[in-house]
Each structure stands twice: as C-alpha cells, then as structure tokens.
1. Considering the dipole of the stretch 54-147 built from charges on the beta carbon (Lys and Arg +1, Asp and Glu -1) around the Cα centre, which of THR71, LEU118, TYR102 is farthest to its positive end?
2. Beta carbons within 10 angstrom, averaged per residue: use that to sort the peptides 106-119, 130-143, 66-79, 86-99, highest first.
3. Taking 0.36 nm per intervening residue step and subtracting the Cα-Cα distance, what contour gain separates VAL110 from ALA24 on full extension?
Amino acid sequence: MNEDAALSDRLPRDFWRRAGTPGAWTAAAVFVLACVVFVLRRPDILLHAQLWAEDGTFWFAEPYNRGFLDTILLPHSGYLQTFSRLVFSALVPVPLEYVPAYANAVGVAVRAWCVAFLFARDFGGFGPRARLLLAVFMLLQPGLEAI
C-alpha cells in the first residue's frame, strides 16, 4: 500500500471539497466588515436609535411590566415572536435611553451574521463568485430602511 492511499483513507470524505473553502477567520472578517458597512449606510440606527412599531409597545413594554416568564411564550397576532421578546427581555435592566441602540445593534449583528454565513466553511452549493455576489447584494441592497 503506498503512502498516498494511506493518507487519503485517514482524511474525512469531504476534505478535498472543503480544503478550498473559506473558514472561520474569513467569516469573522466578513462579519466585522458587514457590521461596518451597515452602520456606515445608516449611522442613525445607532446614533439616533428609536423604538419602532411593536418594539416599544409589545416587545419591551410587556416584559418590563409583566416579567419575562409571563411574556416569553405569549403569542402576538397568532405567532410566537420569541427572538424579539428574548432580545427586549434581556434589555429590561438596561437604562431606557440605551435600549433602542442596543436592540438595533442586535439587529445589525444578526443581519451581518447572515452575510458572514455565506463565507462559512459549511455553506455549500455556491462557488466563490456566487457567494461574493450574494454578499454584495445583501450589503448594498436598496431600500434598507430598517434593520
């Protein structure tokens, strides 16, 4: 048995497919870059943050007034809005003037994570050019009124 055959037997099946794909450092760099791009496109979302629509009346006010356990599984319009309730429930101890900025920062981070996920090693099915085009579209799409 030659050395090459022994080496290939010890490697995971998809090693050669994954060897040329970006990894965690690339995804982390894209995450940071995406956060910067989103904030540069709309600096007001952090500098002049405001609660919008249901943010103040439901997601923040209900856990503030009724408590976390009473509201986390409370449906709104027939749907469980668990992520929104979790974010704003975590912000209840924060001084009120910082709540909108922190909530928007979470929104920016989630949106940037979606862009960075394109460059994760386990994201398959698209080549490097398609990943880059999707990332550019997600970063520069028009009509970015809310994050």
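Read-outs throughout are calculated quantities, based only on the coordinates presented, and are distinct from any laboratory measurement. What you see is a predicted model; the values in this text were computed from it and never measured. Positions of Cβ are backbone-derived with ideal geometry, glycine not excepted, and every protein chain shown enters the neighbour counts.
1. LEU118
2. Descending mean neighbour count gives 106-119, 86-99, 130-143, 66-79.
3. 29.3 nm is the gain from fully extending VAL110 to ALA24.
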